[in-house]
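One structure below.
The values are calculated or read from the model by the stated rules, or taken from the named source; none is laboratory data. Keep in mind it's a predicted model, so treat the numbers as computed, not measured. Virtual Cβ from ideal backbone geometry, glycine too; neighbours counted across all protein chains shown. Calculation scope for accessible area: heavy atoms of the full protein, side chains included, ligands and nucleic acids excluded. Shrake-Rupley method; radii C 1.70, N 1.55, O 1.52, S 1.80 Å.
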Amino acid sequence: MTERMPETYLFVPANRPDRFEKAMAAGADRIILDLEDAVPLDGKDMARLALRNANLDWSRVLVRVNPPTTPFYQEDLMAIAGTKAAGIMIAKAETAADINAVHQVIGRSMEVTPLIETAKGIDAIDEILSASGVIRVALGHLDMALDLGCSIDWDSLVLIRQTLVWRSRLFD
């Protein structure tokens, strides 16, 4: 029998360490400490410090990092290297190289959840799904709709959703 995959995720801004324990007690399978959208630009350093100083059950924690194309990405990875986080969620993942850099900088293997949020990301889905540590991908529907210039309604993104499910099944 295979281990049950996590089903519920709770995002917590990483610059709000006062919320970490409450989030851990909320019953979600995984807590995602967010260094990306939930943290303002002037709070990124404080969020990384809070992450490094947190005393948590790291086996249930993923950290969402800023996109690889931003100046924050490398600093985010170095902050995670100072923790025992179970995994990482990469915003706007577009290449396997983005994912392979994770293991090199952090210095250990970990679960990687690429967020597919751009046309480039969906175009490279097979490459991303075959990268080391990837056991699932997630859809960032708001950024995807923005990148595609379409509505966020279900019908506008149905092909993207179907493609992610279909291609993911082939790499299961």
### Task
Round to a whole angstrom and tell me the spacing of the C-alpha centers of the stretch 59-107 and the stretch 6-47.
15
### Task
Using DSSP to define loop residues, name the trypsin sites (Lys or Arg not before Pro) in the stretch 70-142 whose beta-carbon has at most 16 other beta-carbon atoms within 10 Å.
Lys84, Arg108, Arg136
#### Entry: Degrees between helix 44-53 axis and first principal axis of the chain (Cα, 0 to 90, nearest 10)
60
### Summary
For the stretch 79-147, the charge dipole (Cβ of Lys, Arg +1; Cβ of Asp, Glu -1; about the Cα centre) points to a positive end, and the Cα of Ile99, Ile128, Leu142 closest to that extreme belongs to Ile99
### Task
Could you tell me the convex hull volume per residue, in Å³, taken over the Cα atoms of the stretch 10-68?
79
#### Entry: Dipole magnitude (debye, nearest 20) for the stretch 54-172, charges at Cβ of Lys, Arg, Asp, Glu
380
### Query
For the stretch 1-61, what is the accessible area per residue in Å², given a 1.4 Å probe and the full set of protein chains?
61
### Query
Quick one: net charge of Ala47's neighbours, Cβ under 13 Å, K/R +1, D/E -1?
-2
### Message
As I understand it, the value is the acute angle between the Cα axis of helix 96-106 and the longest principal axis of the Cα atoms of the chain; what does it come to in degrees, rounded to 10?
### Response
10
### Summary
Within the set Asp153, Asp34, Asp57, GNM on the chain using Cα springs under 10 Å gives the largest fluctuation to Asp153
### Query
Ranked by accessible surface with a 1.4 Å probe, highest first, in what order do Ser109, Ser59 come?
Ser109, Ser59
### Task
Quantify, in whole percent, the carbon and sulfur part of the accessible surface of the stretch 1-139 (1.4 Å probe; protein heavy atoms only).
53
#### Entry: Among Leu115, Leu41, Leu62: highest mean-square fluctuation, GNM of the chain, C-alpha pairs under 10 Å
Leu41
### Query
In terms of solvent-accessible area of protein heavy atoms at a 1.4 angstrom probe, what is the ranking of Thr8, Thr163, highest value first?
Thr8, Thr163
### Message
Quick check on the stretch 29-172: take the gyration tensor over C-alpha atoms, sort the square-rooted eigenvalues as a ≥ b ≥ c, and tell me if it's rounded (a/c under 1.5), prolate or oblate.
### Response
prolate
